[in-house]
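The values are calculated or read from the model by the stated rules, or taken from the named source; none is laboratory data. Because the structure is a prediction, the values reported are computed rather than measured. FYI the Cβ positions are ideal-geometry reconstructions off the backbone, even for glycines, and counts take in every protein chain you see. Please note that ligands, DNA and RNA were not included when accessible areas were found on the heavy atoms of the full protein model with its side chains. Shrake-Rupley method; radii C 1.70, N 1.55, O 1.52, S 1.80 Å.
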Amino acid sequence: MLCEKVLGNLREDKYKDIIVDYVDVEWYEAFKKLHRKITHSGEEIGIRLDNDILVKGLNQGDVLYADEKKAVAVNIPECEVITVNVEDCCLIPKVCYEIGNRHAALFYGDNEMEFITPYNQPMFEMLNKIHMHKEGICFRVTAEKKILKLNFDKAVSSAINNHTH
């Protein structure tokens with residue numbers, strides 16, 4: 001099976017009563033045009049998308065194939081991430097700068113003081129060292145390693161994993 005465009009998303013009513021077969025697309029593959037994958041049911045599919053995907057990417061639930069009975073939809077699996085919580089809003093620019101300076105993907109967290117980035121050990125260690133003294137008080141960043149599903153609707157970066165100079 002060859003899939004050449006995103007037909008919609010499982011959130012739409014027209015996919016409500018249809019059997020869904022998922023294909024796993026890792027978060028760092030979501031902005032690639034070409035894929036060769038195996039669905040959860042074992043069906044081999046090719047994915048060949050146009051240049052629009054380089055900007056918008058594939059998202060959880062995007063439908064790549066559909067007929068009257070079944071749909072093939074994207075599943076972005078959970079991955080190791082670093083959740084970063086800042087104690088003071090003055091630390092937000094520093095955290096965002098350090099993550100961006102390493103060309104890492106950056107996502108908003110569950111509140112305005114939390115950010116998420118894919119896990120790597122040097123980044124984890126660096127983020128845990130960020131602090132700031134303000135009016136005699138030391139404010140810190142707390143970084144924790146977790147397993148989460150990245151939400152591309154909360155992406156801070158304009159294009160994930162699509163870096164050029």
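Assorted remarks:
- The residues listed here are D110, D88, D153; of these, the one that is free of Cβ contacts under 8 Å to residues at least 40 places away in the same chain, of a type outside the set (A, V, I, L, M) and out of contact with any Pro (no Cβ under 8 Å at 6 or more places or on another chain) is D110.
For (1) in contact with a Leu (Cβ under 6 Å, 6 or more places away or on another chain); (2) modelled with pLDDT of 95 or more; (3) on the phi < 0 side of the Ramachandran plot; (4) not in a strand (DSSP E or B), each residue gets a yes or a no:
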site: I82; (1), (2), (3), (4): no, yes, yes, no
site: C90; (1), (2), (3), (4): no, no, yes, yes
site: Y97; (1), (2), (3), (4): no, no, yes, yes
site: H103; (1), (2), (3), (4): no, no, no, yes
site: K146; (1), (2), (3), (4): no, yes, yes, no
site: S157; (1), (2), (3), (4): yes, no, yes, yes
site: I160; (1), (2), (3), (4): no, no, yes, yes
site: H163; (1), (2), (3), (4): no, no, yes, yes
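- Considering the conditions (1) buried (at least 16 other Cβ atoms within 10 Å of the Cβ); (2) within 21 Å of N151 (Cβ to Cβ), R11 is excluded by exactly one of them, (1).
- Of all residue pairs spaced 6 or more apart or on separate chains, those with beta-carbon atoms under 6 Å, a first member in segment 124-140 that is free of Cβ contacts under 8 Å to residues at least 60 places away in the same chain and among the aromatic types (F, W, Y) and a second member that is assigned to a strand (DSSP E or B) and open to solvent by less than 70 Å² (accessible area, probe 1.4 Å) are F124/I82; F124/A143; F139/M132.
- From D110, D88, D62, residue being open to solvent by 60 Å² or more (accessible area, probe 1.4 Å) and acidic (D, E): D110
- Of all residues making up segment 32-59, the number that are modelled with pLDDT under 95, farther than 13 Å from C3 by Cα and open to solvent by 60 Å² or more (accessible area, probe 1.4 Å): 5
- Filtered residue count, segment 14-30, keeping only those that are open to solvent by 100 Å² or more (accessible area, probe 1.4 Å), of a type in the set (S, T, Y) and in a strand (DSSP E or B): 0
- In segment 31-57, the residues that are closer than 22 Å to A155 by Cα and assigned to a loop (DSSP other than H, G, I, E, B) reach residues that are among the charged types (D, E, K, R) and open to solvent by 100 Å² or more (accessible area, probe 1.4 Å) with C-beta atoms within less than 8 angstrom, at least six apart or across chains, in these pairs: K33/R48; L49/K5; D50/K5.
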